[in-house]
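Working notes, beginning with the structure itself.
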Amino acid sequence: RPELWADEGADPHDLVAFCGTRAAVRHVFVGGRPVVEEGRLAGLDLDKISRRARRALRAVLERADLDP
């Protein structure tokens, strides 16, 4: 990736941390467990999270006496 091109003496860890975009990172592991795989969050049900967020937003709007 062009944003990761640098002098051959550059630290590759620094390049990823300070120059890379999210498109340059396909996998992330934390404590040996995958958090991002193939650029997508691992182990999360995004549909379930989205449904819960919509319910929470509706509840907040109702408490604020606003039309959802």
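The values are calculated or read from the model by the stated rules, or taken from the named source; none is laboratory data. Everything numeric in this text was worked out from a predicted model, so none of it was measured. For accessibility, only protein heavy atoms count, side chains too; no ligands or nucleic acids. Shrake-Rupley method; radii C 1.70, N 1.55, O 1.52, S 1.80 Å.
Summary of computed values
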| read-out | value |
| --- | --- |
| Protein accessible area in the chain, 1.4 Å probe - carbon and sulfur % | 54 |
| Additional length obtainable on full extension of the chain from L57 to D7, 0.36 nm per residue less Cα span | 13.2 nm |
| Amide H contacts under 5 Å for V35, placed H, 5+ residues apart | V28, F29, V30 |
| Additional length obtainable on full extension of the chain from L44 to V25, 0.36 nm per residue less Cα span | 5.0 nm |
| Nearest 10 degrees, 0 to 90: helix 46-63 Cα axis against the chain principal axis | 40 |
| Rh (Kirkwood; distinct C-alpha pairs) - the chain, Å | 15.4 |
| Residue-wise HN-Hα coupling along the stretch 11-25, computed from phi with Karplus coefficients 6.51, -1.76, 1.60 (Hz; x: Gly, Pro) | 6, x, 5, 5, 4, 5, 5, 10, 10, x, 9, 4, 5, 7, 10 |
